[in-house]
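> Encoded as structure tokens, here's the structure I'll be asking about.
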Amino acid sequence: MSKELKLHVSEDNVITVADSSGGITLQNASGAKIVIDANGITLDNGKGAVITLAGSKVDVNNGALTVV
């Protein structure tokens, strides 16, 4: 059975630790979030800008720029 811990700092600001994904998510009211899990690290401003670090690859805005 997987477990999940959610800490609601306020109604819309949440820190989640999920046993199933081995991940941690920090999300604020505007939708911006940071996800750290087995796949890597994702920074998302909630307005379309996304930076993903996975292995030795850095991806900006879903393929607009990729550095390997």
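The values are calculated or read from the model by the stated rules, or taken from the named source; none is laboratory data. This one's a predicted model, so the numbers in the text were calculated from it and none came from an experiment. Because the Cβ atoms are built from the backbone with ideal geometry, glycine has one as well, and the counts that use them run over all protein chains shown.
> Could you count how many residues in the range 32-68 are closer than 19 Å to I15 by Cβ, among the aliphatic types (A, V, I, L, M) and under 10 Å from the mean Cα position of the chain (by Cα)?
6
> Moving on. What pairs come out if I take residues in the range 52-68 that are hydroxyl-bearing (S, T, Y) and pair them with residues that are part of a strand (DSSP E or B) and at pLDDT 95 or above whose C-beta lies under 6 Å away, six or more apart or interchain?
Close Cβ pairs satisfying both conditions: T52/T42; T52/D59; T66/D59.
> Okay, next question. Go over the candidates G63, G22, G55 one by one and state the one that is surrounded by 10 or more Cβ atoms within 10 Å (Cβ to Cβ) and of a type outside the set (S, T, N, Q). Spell out the reasoning first.
On the way: G63 fails: surrounded by 10 or more Cβ atoms within 10 Å (Cβ to Cβ); G55 fails: surrounded by 10 or more Cβ atoms within 10 Å (Cβ to Cβ).
Result of the check over G63, G22, G55: G22.
> Hey, could you check the range 25-52 for residues that are among the hydroxyl-bearing types (S, T, Y) and surrounded by 15 or more Cβ atoms within 10 Å (Cβ to Cβ) and say which is farthest from K3 (Cα to Cα)? So that I can check it myself, show each step before the final result.
First, the residues of the range 25-52 that are among the hydroxyl-bearing types (S, T, Y): 25, 30, 42, 52.
Within this subset, residues satisfying the condition of being surrounded by 15 or more Cβ atoms within 10 Å (Cβ to Cβ) are 25, 42, 52.
Details: T25: 14, T42: 22, T52: 25 Å.
Per the criteria, the residue is T52.
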